[in-house]
1. Enter the angle in degrees (range 0 to 90, nearest 10) between the Cα long axis of helix 10-21 and the first principal axis of the Cα atoms of the chain, meaning the one along which they spread out most.
2. For Leu122 and Lys35, calculate 0.36 nm times their separation in residues minus their Cα-Cα distance, and state this gained length in nm to one decimal.
3. Which of the listed residues, Cys83, Asn51, Val26, is farthest toward the dipole's positive end in the range 2-134, when Lys, Arg count +1 and Asp, Glu count -1 at the beta-carbon?
4. With no solvent and one point per C-alpha, what does the Debye sum give as log10 I(q)/I(0) for the chain at q = 0.10, 0.14, 0.15 Å⁻¹?
5. For a label point 7 angstrom out from the Cα of Val115 toward its Cβ, which stretches of the range 70-84 have the backbone nitrogen within less than 12 Å?
6. Of Lys31/Lys59; Lys10/Lys103; Lys59/Lys87; Lys10/Lys59, which pairs sit farther than 21 Å apart, going by alpha carbon to alpha carbon?
7. Taking the 0 to 90 degree range and rounding to the nearest ten, how far is the long axis of helix 119-134 tilted relative to the main principal axis of the chain, both from C-alpha atoms?
8. So if I take the centroid of the Cα atoms in the range 16-45 and the same for the range 74-135, what is the distance between those two points in Å?
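Values in this text are rule-based calculations from the coordinates and carry no lab data. If you're wondering where the values come from, they're calculated on a predicted model, not measured in any experiment. Because the Cβ atoms are built from the backbone with ideal geometry, glycine has one as well, and the counts that use them run over all protein chains shown.
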Amino acid sequence: MHIIIVGGGKVGFDLATLLLAEGNKVLLIEKDEIKAAELAIEFGAVIQQGNGSCVRTLKDGEADRADVLVALTGTDEANLVICQVAKSVFNCRKTIAGVNNPKNISIFSSLGIDVPVSTTRLISSLIQEQVKGEK
């Protein structure tokens with residue numbers, strides 16, 4: 001599977017590591033030049049420095065050939081734009097967006113993002129399950 005991850009923070013790094021270990025073709029796009037250089041030491045050629053919300057960056061990353069694009073930047077706005085560009089310009093089959101503010105999940109869904117993921121909501125659900133199990 002060809003997967004593009006935009007955002008080379010902790011989650012993006014770990015996800016890229018797991019997906020590469022599973023034999024997927026992965027491209028990790030990181031906006032910050034210094035961080036991209038550090039990631040290139042770890043990953044080599046699977047790193048592209050650039051702004052993932054720019055059409056040119058996604059074109060250079062062959063977003064038109066991606067099975068999945070995952071946006072994991074630090075802001076909901078950037079993740080939304082990245083996924084929308086991937087879908088509308090490159091017809092990316094599936095978009096997954098990290099959603100920092102759980103209140104934004106419905107907005108992401110209504111704007112066509114295939115899988116909006118809120119770590120806050122996921123952790124909350126897991127904790128609630130554990131608490132219920134204790135009763």
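1. The two axes meet at around 70 degrees.
2. Result for the pair: 28.6 nm of gain on full extension.
3. Cys83
4. -0.33, -0.61, -0.69
5. Counting backbone N atoms under 12 Å from the label point, the list is 70-71.
6. Values: Lys31/Lys59 15 Å; Lys10/Lys103 23 Å; Lys59/Lys87 12 Å; Lys10/Lys59 25 Å.
As for pairs spanning more than 21 Å Cα to Cα, those are Lys10/Lys103; Lys10/Lys59.
7. For 119-134 against the chain, the angle is about 30 degrees.
8. 22 Å
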